[in-house]
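Trainee: Structure provided below as structure tokens; questions to follow.
Laboratory data are not the source of any read-out in this text; all were calculated from the coordinates shown. All of these numbers come straight from a predicted model, not from anything done at the bench. Note: ideal-geometry Cβ built from the backbone for every residue, glycine included; neighbour counts use all protein chains shown.
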Amino acid sequence: MHLRKINKLQRLCLANSITLSTAESCTGGALAQILTSRPGASHMFMEGFVVYSNEAKIKNLGVLQKTIQNFGAVSEEVAREMALNCQKIANSTVSISITGIAGPGGSENKPEGRVCFGLKYNRTSIAKTIEFGAIGRENVRTKSVKYALDLLLETVTFKVNNEKAELL
């Protein structure tokens, strides 16, 4: 399913000395598993964190307790801090984070299927919320990994193309 995308991402990373790191909550390391599924992944993949609990986010990634208290663990603010700190700790070129409510459950304010993504590369950081809906726990997790993989591929492709354009 993801094989073509992973191969392309790996080729781009290896050819351009780009390294990746991940910080995952609701996906439980599934993105890191996919990124390391191909031979040669050790040349691009630096480190992956599974920070399922708020305590793990604070202790292992340095997410501020105040950020979690003010915005909740499933928020763009927390996703952004996860990605930023993941990149610093892993010393990677690009980092991505995932935090969300896979279900069942959720609330009116934070419904099942809400997933926040953070991405950090160079001096740029972005955060985005996707509402997958109440499609079931495994479907939310699968769609989250697919979205994150697409976002990584898009970011790395953009980074490579811009650096080549700057050389011209």
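Trainee: Can you classify the stretch 3-162 as rounded, prolate or oblate using the Cα gyration tensor, where a ≥ b ≥ c are the square roots of its eigenvalues, rounded means a/c under 1.5, and otherwise it's prolate if a/b beats b/c and oblate if not?
Mentor: prolate
Trainee: Using alpha-carbon positions, what is the distance between the centroids of the stretch 1-49 and the stretch 82-151, in Å?
Mentor: If we compute the Cα centre of each part, the gap is 15 Å.
Trainee: Among Gln10, Ile135, Asn122, whose Cα sits farthest toward the positive end of the charge dipole of the chain (+1 at Cβ of Lys/Arg, -1 at Cβ of Asp/Glu, about the Cα centre)?
Mentor: Gln10
Trainee: List Phe158, Phe117, Phe71 from most exposed to least, where exposure is judged by having the fewest other Cβ atoms within 10 Å.
Mentor: Phe158, Phe71, Phe117
Trainee: Next up: Sorted from fewest to most neighbouring beta carbons within 10 Å, what does the list Ser144, Ser37 look like?
Mentor: In order of increasing Cβ crowding within 10 Å: Ser37, Ser144.
Trainee: Quick check: the angle from helix 3-15's long axis to the longest principal axis of the chain, C-alpha only, nearest 10 degrees?
Mentor: 50
Trainee: Based only on other Cβ atoms within 10 Å, what is the fewest-to-most ordering of His2, His43?
Mentor: His43, His2
Trainee: Sticking with this structure for a sec: In nm, to one decimal, how far is the Ser42 label point from the Asn91 one, both placed 7 Å along Cα→Cβ?
Mentor: Taking the two extended label points, one gets 1.7 nm.
Trainee: Okay, next question. Measuring from label point to label point, each 7 Å out along Cα→Cβ, what is the Asn54 to Asn7 span in nm?
Mentor: That separation, rounded to one decimal, is 4.5 nm.
Trainee: By how many nm would the segment from Asp150 to Thr129 grow when fully extended, if each residue of separation counts as 0.36 nm and the alpha-carbon distance is taken off?
Mentor: Working it through step by step, the gained length comes to 6.1 nm.
Trainee: Taking the Cα centre as origin and putting +1 on Lys and Arg beta-carbons and -1 on Asp and Glu beta-carbons, what dipole magnitude results for the chain, to the nearest 20 debye?
Mentor: 340
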